[in-house]
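Below is one structure; the comments refer to it alone.
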Amino acid sequence: MKLPVSFEEKMKRLLKEEFDAYMDCYKKPRFYGLRVNTRKISVEAFQEICPFPITPIPWIENGFYYEGTAVSPGKHPYYAAGLYYLQEPSAMTPANRLPVVPGERVLDLCAAPGGKATELGAKLKGEGLLVANDISSSRAKGLLKNLELFGIGNLLVLSEEPGHLAQYFPEYFDKILIDAPCSGEGMFRKDKKMVRAWEEHGPDYFSKIQKHILLQAAAMLRPGGKILYSTCTFDERENEQAIEFLLQECPEFTIQAIVPYDGFAEGIPQLSNTQMEDLKKTVRIFPHRLDGEGHYLALLQKREKAFDLSGSPRKSGSLAQKSQRGRVREVPEELISFWQDVNWELSQDRLEIHGEKVYYMPSEVPDLSGARFLRTGLLLGDWKKRRFEPSQAFAMYLKKEDYQKILDFSCADERVRKYLKGETLEVSDLVSPSEKGWYLICVDGYSLGWGKLSGGTLKNKYLAGWRLS
Ligand SMILES: C[S@@+](CC[C@H](N)C(=O)[O-])C[C@H]1O[C@@H](n2cnc3c(N)ncnc32)[C@H](O)[C@@H]1O
């Protein structure tokens, strides 16, 4: 593979005696990974049902390698059920090493297409709030789809410039992930197009953007909160020097140790302008040291305010009060009737209706007037004239035990693929022809979407844009 000369020279300076081992990696194939969605299935249960060979990624509890030239996990019905995300192994590290617990307020600031946001959402286990943002609205659409597929409901998906976002969320978040736009040097082996992109926009271009994003994230973090900053590049201007810049601008931040793994390398203080010793706690990932591509990670903590030693995270982050627009005074009869088959209790104060769309909001949402958002909360469905039609996102959110009318097919049943293609199904062997109404279609116990039953035939309600061609 032909690499830019100036890049090779930089890597020689950076890696010294390890340079030859690094260059040898370009002669080897890339690695393929998948990450199990623990919101839907345990790692052990997935290992039991996984229909193709996988081997554990040693530093990611829910990550596995698969043989990408032999199998296509993206085409399997379990993918359509949101049981896993396909992701290059080292790219799993940032969301894995940001300590997120259920109930927290978490921001993924550069989130599309959702490789990290889906993991952060899974870690929240349906409690707290995930705000997933990407400046590109077209990329944010893909992000929303992946979060829906993963069954994440406690979320806001936005497409905002970070500086504008910071006006809505002052000192609000417990945890922030910045998977920064970068020059992508760590992805040269995986994607040759990255070399051309690097020649157009290199480290100097991205370093300015990264500094701006870091400062905005700092303003949105509550005292005591943590930021995980990551790039998939090797250049010091985008890595050690970006963190050095933040610490100089915001001295209330300190660098924290990252859960170690033998294959990680330390950050390199000598690459910063002030030889900042603590940069050793940041992590560099090189493809010649582990089976993955290149990354950089830094975990940062904002100091607690001296007068707030009680440490209640909820004291900071005064937000504009949310308007009452969309709030439901009376739950529509059609929704009540549909809900007879749903096994969880609807909390009326979390329902919002905008036009035909019915949403189930996270327990706490700020006023987002003026912000560009793609989704607030879980889209339950459409309230049309005298009927309620449940959404694809709602189907993906539901577990089998959450709904009473289930049609559960084995993965080997050819009707699964027919369903995913949008075809009408014959199901009279499974339900009495007298039954009718909305059925949750599952594969081996995991939801795929809706079907509407009438006279022994199942009308396909799988979202048109998601169908297999
Ligand atoms: C490395 S990618 C994120 C990948 C994503 N975290 C994932 O794991 O799937 C960086 C993202 O930053 C977005 N971006 C570019 N400039 C930005 C800016 N100024 N502010 C916020 N996001 C930006 C890009 O649209 C891109 O989606």
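The values are calculated or read from the model by the stated rules, or taken from the named source; none is laboratory data. Keep in mind that what you see is a predicted model, and the values were worked out from it rather than measured. With ideal geometry, Cβ positions are generated from the backbone for all residues, glycine too; neighbour counts draw on all protein chains shown.
For the stretch 354-372, what are the residues that are modelled with pLDDT under 95 and assigned to a strand (DSSP E or B)? Answer for the stretch 354-372, where residues must be modelled with pLDDT under 95 and assigned to a strand (DSSP E or B): just HIS354.
Quick one: would you say PHE373 is within 25 Å of SER432 (Cβ to Cβ) and touching a residue at least 24 places away in the same chain (Cβ under 8 Å)? Walk me through it before giving the result.
Working: within 25 Å of SER432 (Cβ to Cβ): no; touching a residue at least 24 places away in the same chain (Cβ under 8 Å): yes.
No: the conditions fail for PHE373.
Selection of the stretch 192-203 for residues being crowded, with 20+ Cβ neighbours inside 10 Å and either on the phi > 0 side of the Ramachandran plot or within 14 Å of the ligand (Cβ to nearest atom) (or both) yields only TRP198.
Table: residues versus (1) part of a helix (DSSP H, G or I); (2) surrounded by fewer than 24 Cβ atoms within 10 Å (Cβ to Cβ); (3) free of Cβ contacts under 8 Å to residues at least 12 places away in the same chain.
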position: TYR205; (1), (2), (3): yes, yes, no
position: ALA217; (1), (2), (3): yes, no, no
position: LYS226; (1), (2), (3): no, yes, no
position: TYR229; (1), (2), (3): no, no, no
position: THR233; (1), (2), (3): no, no, no
position: GLU238; (1), (2), (3): no, no, no
position: GLN241; (1), (2), (3): yes, yes, no
position: GLU244; (1), (2), (3): yes, yes, no
position: LEU247; (1), (2), (3): yes, yes, no
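Screening PHE7, PHE19 for residues that are free of Cβ contacts under 8 Å to residues at least 12 places away in the same chain, touching a helix residue (DSSP H, G or I) at 6+ places or on another chain (Cβ under 8 Å) and surrounded by 15 or more Cβ atoms within 10 Å (Cβ to Cβ) leaves exactly one candidate, PHE19.
Residues are listed down the side, and each one gets a yes or a no for (1) hydroxyl-bearing (Ser, Thr, Tyr); (2) surrounded by 15 or more Cβ atoms within 10 Å (Cβ to Cβ):
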residue	(1), (2)
LYS400	no, no
ASP408	no, yes
LYS418	no, yes
SER447	yes, yes
LYS461	no, yes
TRP466	no, yes
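If only residues of the stretch 254-274 that are surrounded by fewer than 21 Cβ atoms within 10 Å (Cβ to Cβ) and in a strand (DSSP E or B) are counted, the one that is nearest to the chain's Cα centre (by Cα) is GLN256.
Only one of ALA91, ALA95 is in contact with a His (Cβ under 8 Å, 6 or more places away or on another chain) and buried (at least 23 other Cβ atoms within 10 Å of the Cβ). Can you tell me which?
Details: ALA95 fails: in contact with a His (Cβ under 8 Å, 6 or more places away or on another chain).
Result of the check over ALA91, ALA95: ALA91.
Checked against the criterion of being part of a helix (DSSP H, G or I), within 28 Å of ARG189 (Cβ to Cβ) and either touching a residue at least 12 places away in the same chain (Cβ under 8 Å) or within 16 Å of the ligand (Cβ to nearest atom) (or both), the stretch 52-73 contains one or more residues that satisfy it. Scoring PHE169 on the criteria (1) in contact with a helix residue (DSSP H, G or I) (Cβ under 6 Å, 6 or more places away or on another chain); (2) at pLDDT below 95 leaves a single failure, condition (2).
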